[in-house]
Amino acid sequence: MREVNFYAYETYCMVRIEERPDGPEVLSACRDIAMRVEQTLNMYDDESELSAMCRNYCPGVPYGVSEMLFYFLNINLNMAELCEGAFDPTVGALVRKWGIGSGKNVIPTEAELAALMKRTGYQHIRLLPEQCTAVIDIGGIIIDPGASGKGFAIDLIVDYLKEKKVRSACLDFGGNLYVMGSNIEENETHGVEKPGNGAWNIGIRHPDDPGKIMAQVYAKDQAVSTSSWYEHHFKRAGHIYSHLIDPSNGKTVESGLSSVTVLCDRAIYADIISTALYVLGEEKGKDVIGKLYKRTGIQTDYLACKYKR
Ligand code: ADP
Ligand code: MG
Ligand code: MG
């Protein structure tokens, strides 16, 4: 196996594929795709297309976007609607205020939250496919790709690897995984097929003790995405604040779940649904999964760990 490692999306990313003569070129093309996605979507880079759009658009006036940004926004808006706003890419202004991901956390006042809520809501964005434009009907919206960008990049890379007829691959973008084909490495080492015909055996960390494994899942040609509090939370006066925002009130989520892992054959859906389930809890989350299947035929499985208080 050969692999490439790089830093993007504020995390470590890795792509590993089977040994093949053009391995180095294929892996470097994978990194280029990841970087192109980051240059388009990075909310912390003023030069990214997404940042430029949020800075320069005029309310009510169509704003021209690249095909990549259009495709990204389209999936995001459809999923926000399907999740009834529990997943909402327009939480950017709230995320900035809370200082999520910056290390400088602030607890906003009710008045500040009310003002920020007026700049939030996926319903304010409409896409016009004929012109490849987006129309945002209020000012001050900041789109946050944090809950779906890594999944989006993984899907584009997986499409490329399939085009190149790669047989076996494993991608890990900061806890968003994708495993493709058989786990050749395991089979070579052990000389036998593992349970599930070469499926990859993935250990899911225990949210209450991330040094331990909570469960093993087998996956093949599937994305495995986990949302949990343990990596990005912050603490104030003994209280743990999660890095996810409840878009219905602008506050950080007090989830009944401690961690949720979603399996799906497209990584962007695994990424979005794991975030949505964490916000919604298990019962409402199940409805979202059912609706997604009914509407699109996309199947997802999940593994949830309840929060112990
Ligand atoms: P990870 O940090 O592992 O990628 P997620 O995929 O759940 O975890 O994405 C979390 C990020 O998404 C947050 O850091 C924030 O930038 C953004 N975010 C927070 N709350 C929401 C929400 N309700 N809907 C969409 N994006 C959100
Ligand atoms: Mg996510
Ligand atoms: Mg994620």
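Extension gain, E163-E283: 0.36 nm per intervening residue step, less the Cα-Cα distance, totals 39.4 nm. Starting from the Cα of K212, draw a straight line to each of the lysines and keep only those under 20 Å, dropping any in the same chain fewer than 8 residues away. Hits, sequence-local ones excluded: K306, K308. FRET efficiency for the D221 to A111 pair, using the beta carbon distance and R₀ = 35 Å, is estimated at 0.10. A simple count of charges around G297, restricted to other residues whose Cβ falls under 13 Å of its Cβ and scoring Lys, Arg +1 and Asp, Glu -1, yields +3. For region 239-245, backbone phi angles converted through the Karplus equation (6.51, -1.76, 1.60; θ = phi - 60°) give residue-by-residue couplings of 9, 9, 9, 7, 8, 10, 9 Hz, Gly and Pro being listed as x.
Can you tally the net charge around N76? Count Lys and Arg as +1, Asp and Glu as -1, for every other residue whose Cβ sits under 11 Å from the Cβ of N76. Net charge in that neighbourhood comes out at -4.
When you filter the GluC sites (Glu not before Pro) in region 83-179 for DSSP loop state and at most 11 other Cβ atoms inside 10 Å of their Cβ, you are left with E130. FRET efficiency for the H233 to A52 pair, using the beta carbon distance and R₀ = 41 Å, is estimated at 0.85.
Put a dot 7 Å past the Cα of S248, heading toward its Cβ, do the same for E3, and the two dots end up 4.1 nm apart. Per atom type, region 202-309 shows carbon and sulfur on 48% of its accessible surface, probed at 1.4 Å.
Counting only lysines at least 8 places from K162 when in the same chain, those with an alpha carbon closer than 16 Å to its own are K220. Dividing the mean sequence gap of close Cα pairs (under 8 Å, 6+ apart) by how many residues the chain holds gives a relative contact order of 17 percent.
With K and R counted +1 and D and E -1, the other residues having a Cβ less than 9 Å from that of G140 yield a net charge of +2. Helices in the chain that qualify as membrane-span-like (whole DSSP H runs, Cα extent of at least 24 Å along the helix axis, mean Kyte-Doolittle hydropathy of -0.5 or higher) are 23-41.
Using the Cβ-Cβ distance between D209 and Q131 with R0 set to 35 Å, the FRET efficiency works out to roughly 0.10.
The values are calculated or read from the model by the stated rules, or taken from the named source; none is laboratory data. Since we're looking at a predicted model, the values are computed, not measured. We place every Cβ from the backbone using ideal geometry, glycine too, and count neighbours over all the protein chains shown. To get the accessible areas, we keep the full protein, side chains included, count just its heavy atoms, and leave off ligands, DNA and RNA. Shrake-Rupley method; radii C 1.70, N 1.55, O 1.52, S 1.80 Å.
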